[in-house]
Amino acid sequence: MKKKKQNQPHNFVAAFRQSAPYIHAHRGKTFVLAFSGNAVEDEHFPLLIQDLALLNSLGVRLVVVHGARPQIEQCLKQRKAKSKYVNGLRVTDAIAMECTRDAVCSIRVQIEALFSAGIANSPMAGAGIHVVSGN
C-alpha cells in the first residue's frame, strides 16, 4: 500500500475544510500579538511575520506589540553606558532613552519591511499589507 503524500490535492482540500470554520469565526476580528525583542532576533522571525501576513490575508486585523530589551542593552553596551534598575524596572536616563528610541524605531522599520514584502513564494509575494504604526 502506498503512503499518501502531504501535498496531494485531497490533503489540501481536507486541511482547508478543517480550517474553514476557524477562518470564518476569526474574519474581521482583531488579534493583539506581543513578543519580546528576543523573538525579533531569532532567525525564524521573518517566518512569524509571513504567518501574520497570512492571517491578515484571511481577514484578521492585527495589532503587533514588540519588545526591544536586548536591542536596548546592546546599544547601551556600545555606548559604554549601564542600565539602572529599581525593583526590576529600568530607570531611563537620557542615554537610555536615546537607545530605546533607536532600538524601537529600528525594529518597527524591520517589521514594516517584512510585512510589505507580502507572503514569500505565493501569489501574494510583493502584495503589501497596509501598516499603521504609532506609540
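Coordinate-derived values only; no laboratory data. Model, not experiment: these values are computed from the prediction. Glycine also receives a Cβ, built like all others from the backbone with ideal geometry; neighbour counts cover every protein chain displayed.
Based on this model, can you work out whether K77 counts as more than 27 Å from I129 (Cα to Cα) and assigned to a loop (DSSP other than H, G, I, E, B)? Outline the logic, then answer.
Values: more than 27 Å from I129 (Cα to Cα): yes; assigned to a loop (DSSP other than H, G, I, E, B): no.
No, not satisfied.
Does region 80-97 hold any residues that are in a helix (DSSP H, G or I) and either in contact (Cβ under 8 Å) with a residue 40 or more places away in the chain or within 26 Å of the chain's Cα centre (by Cα) (or both), and which are they? Please lay out each step first, then the result.
Looking only at region 80-97, we keep the residues that are in a helix (DSSP H, G or I), and these are 94-97.
Those that are in a helix (DSSP H, G or I) and either in contact (Cβ under 8 Å) with a residue 40 or more places away in the chain or within 26 Å of the chain's Cα centre (by Cα) (or both): A96, M97.
Given the condition among the acidic types (D, E), free of Cβ contacts under 8 Å to residues at least 40 places away in the same chain and loosely packed, with under 12 Cβ neighbours inside 10 Å, answer yes or no: does some residue in region 33-50 qualify?
Taking region 33-50 and keeping what is among the acidic types (D, E), we get 41-43.
Right, trim to free of Cβ contacts under 8 Å to residues at least 40 places away in the same chain and you get 41-43.
Narrowing the set further to residues that are loosely packed, with under 12 Cβ neighbours inside 10 Å leaves 43.
Checking region 33-50: at least one residue is among the acidic types (D, E), free of Cβ contacts under 8 Å to residues at least 40 places away in the same chain and loosely packed, with under 12 Cβ neighbours inside 10 Å.
Evaluate the following for V64: is it among the β-branched types (V, I, T), in contact with a His (Cβ under 6 Å, 6 or more places away or on another chain), under 21 Å from S133 (Cβ atoms) and surrounded by 12 or more Cβ atoms within 10 Å (Cβ to Cβ)?
Judged against the criteria, V64 is not a match.
So if I check each of A68, A81, which one is of a type in the set (A, V, I, L, M, F, W, C), closer than 18 Å to A113 by Cβ and in contact with a helix residue (DSSP H, G or I) (Cβ under 6 Å, 6 or more places away or on another chain)? Give the derivation first.
Numbers: A81 fails: closer than 18 Å to A113 by Cβ.
Sole residue among the options that is of a type in the set (A, V, I, L, M, F, W, C), closer than 18 Å to A113 by Cβ and in contact with a helix residue (DSSP H, G or I) (Cβ under 6 Å, 6 or more places away or on another chain): A68.
Take region 16-58 and flag every residue that is among the charged types (D, E, K, R) and touching a strand residue (DSSP E or B) at 6+ places or on another chain (Cβ under 9 Å). Reasoning before the result, please.
Looking only at region 16-58, we keep the residues that are among the charged types (D, E, K, R), and these are 17, 27, 29, 41-43, 51.
K29 - this is the single residue of region 16-58 that is among the charged types (D, E, K, R) and touching a strand residue (DSSP E or B) at 6+ places or on another chain (Cβ under 9 Å).
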